[in-house]
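Presented below is the structure to which this report refers.
Read-outs throughout are calculated quantities, based only on the coordinates presented, and are distinct from any laboratory measurement. Since the structure is predicted, the reported quantities are computational estimates derived from the model, not experimental observations. Cβ atoms come from the backbone with ideal geometry, glycine included; neighbour counts cover every protein chain shown.
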């Protein structure tokens with residue numbers, strides 16, 4: 001039981017990191033020579049207004065992963081879904097790198113790492 005409850009730790013840590021207001025990064029250009037870097041929570045709708053969907057999708061997938069991880073304590077079949085979704089969320093969390101390193105933050109890196117660890121842990125627990 002103790003080992004199966006460990007599948008809940010990383011989604012909780014990830015959600016806490018996603019709530020912090022320094023995860024999602026937007027870079028604005030108020031003039032041709034100036035660049036302003038602003039950070040937002042992964043749950044903030046402001047990046048969506050600028051067609052920057054990856055952080056919000058990652059946050060929603062993490063909430064679903066937490067729900068499935070709770071269910072997987074009783075139903076072991078759900079661990080495959082936890083594995084697949086956490087792997088997908090980890091990949092989606094890397095999408096800001098397509099715009100450049102300026103759009104990625106340390107918190108974003110920590111979120112990617114915790115999602116990858118959750119994926120590996122779910123794969124280990126699949127019987």
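Quick notes on this one:
- Restricting the range 67-79 to residues that are surrounded by 19 or more Cβ atoms within 10 Å (Cβ to Cβ) and touching a residue at least 24 places away in the same chain (Cβ under 8 Å), the residue that is nearest to the chain's Cα centre (by Cα): 69
- Counting only helices (runs of 4 or more DSSP H) that fall entirely inside the range 21-127 and contain at least 2 residues that are closer than 21 Å to residue 10 by Cα, the qualifying elements are 54-72, 78-93, 106-125.
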